[in-house]
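Single-structure report; data block below.
The values are calculated or read from the model by the stated rules, or taken from the named source; none is laboratory data. Keep in mind that this is a model prediction, so the values were computed, not measured. Glycine gets a Cβ as well: all are built from the backbone with ideal geometry, and neighbour counts include every protein chain shown.
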Amino acid sequence: MEKVPKLSEMEKKDIPGYIWDYYKWPIIIVIAVVIALVSIIHGRLTAKTEALYILAGNADSIHMVDAPESTLDDFLVAQGLNPDKDEVAINTNITYTGADSQVYTLATLATVIGAQQVDVALSHGELYEYMSGNAEFLPMEEVFTPEEMEKYKDFLVEGTYHEITYNDDGTEGETIDHDYICGVRISAENPWIKETGMYPDTDVVAGVIANTKRPELAKAFIIYLLENE
């Protein structure tokens, strides 16, 4: 049987290597557990409350800054919130150009909206037409007061909701189109849009999602954009 040397009998320079050889895996496991615990505790201590969720559809990933949500600290402060504890989430992963092959994109879009995650959406082109066609936006008359509708009338944007009717036997009937004001135009020159780099050459439509859980803060963000136009 191999004689295990005692630490007291070893030279000091040999002790670290001996400990590592004989106790390597226990040491690795203990370190891994400690790191995991520190990570969990740090995450809980530094976790922020999501104050607003913005869907930035068809954003330009090439020119976009690394953390566009960090550009809204002043907005949070203006709303009486603390950027150290509260944050705006911005989803820039939805890209839709009208292609039939983008079924996964539409499923993802339906999921995040259906789960009441999204409060405000920025969109343009085919994505805007798709979302307005499915009545994803609140009519702006339900967002703004009459005075605000008048104040921002030059920025209001119409969309067309395609209502699908059904026959008595359950089969799909005709489609009835309804025009409605469902967003506001935000230019590519808007200071916040330029700061984020998400839409360097494109005007976008900002609209409040119909099933938002935070309508007041969503409205405040729309006004924040308009007041800087």
When segment 87-120 is checked residue by residue, the ones that are of a type in the set (Ser, Thr, Tyr), surrounded by fewer than 16 Cβ atoms within 10 Å (Cβ to Cβ) and in a helix (DSSP H, G or I) are 104, 108, 111
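For (1) under 19 Å from residue 164 (Cα atoms); (2) at pLDDT below 90; (3) among the polar types (S, T, N, Q), each residue gets a yes or a no:
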position	(1), (2), (3)
101	no, yes, yes
104	no, yes, no
108	no, yes, yes
113	no, no, no
118	no, no, no
121	no, no, no
130	yes, no, no
134	yes, no, yes
139	yes, no, no
Residue 54 vs (1) at pLDDT below 95; (2) assigned by TED's automatic domain parsing to the domain that holds residue 222; (3) surrounded by 10 or more Cβ atoms within 10 Å (Cβ to Cβ): all pass except (1)
>> Given the criteria assigned by TED's automatic domain parsing to the domain that holds residue 96 and either closer than 24 Å to residue 98 by Cα or modelled with pLDDT under 90 (or both), does residue 184 qualify?
In response: yes
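In segment 131-162, what residues are assigned to a helix (DSSP H, G or I) and crowded, with 19+ Cβ neighbours inside 10 Å?
So in segment 131-162, the residues assigned to a helix (DSSP H, G or I) come out as 131-133, 140-142, 146-151, 153-155.
Across segment 131-162, the qualifying residues are 131, 132, 140.
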Of the candidates 222, 181, 209, the one satisfying the condition of being touching a strand residue (DSSP E or B) at 6+ places or on another chain (Cβ under 7 Å), under 17 Å from residue 94 (Cβ atoms) and hydrophobic (A, V, I, L, M, F, W, C) is 209
* Please tell me if residue 166 is farther than 26 Å from residue 188 by Cβ and more than 16 Å from the chain's Cα centre (by Cα). => yes
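Do you know which of the residues in segment 175-229 that are of a type in the set (Val, Ile, Thr) and in a loop (DSSP other than H, G, I, E, B) is surrounded by the most Cβ atoms within 10 Å (Cβ to Cβ)?
The first filter runs over segment 175-229 and keeps only residues of a type in the set (Val, Ile, Thr), leaving 175-176, 181, 184, 186, 193, 196, 202, 204-205, 208-209, 212, 222-223.
If we keep only those that are in a loop (DSSP other than H, G, I, E, B) too, we end up with 202, 212.
Numbers: 202: 15, 212: 23.
Only one residue tops the list, namely 212.
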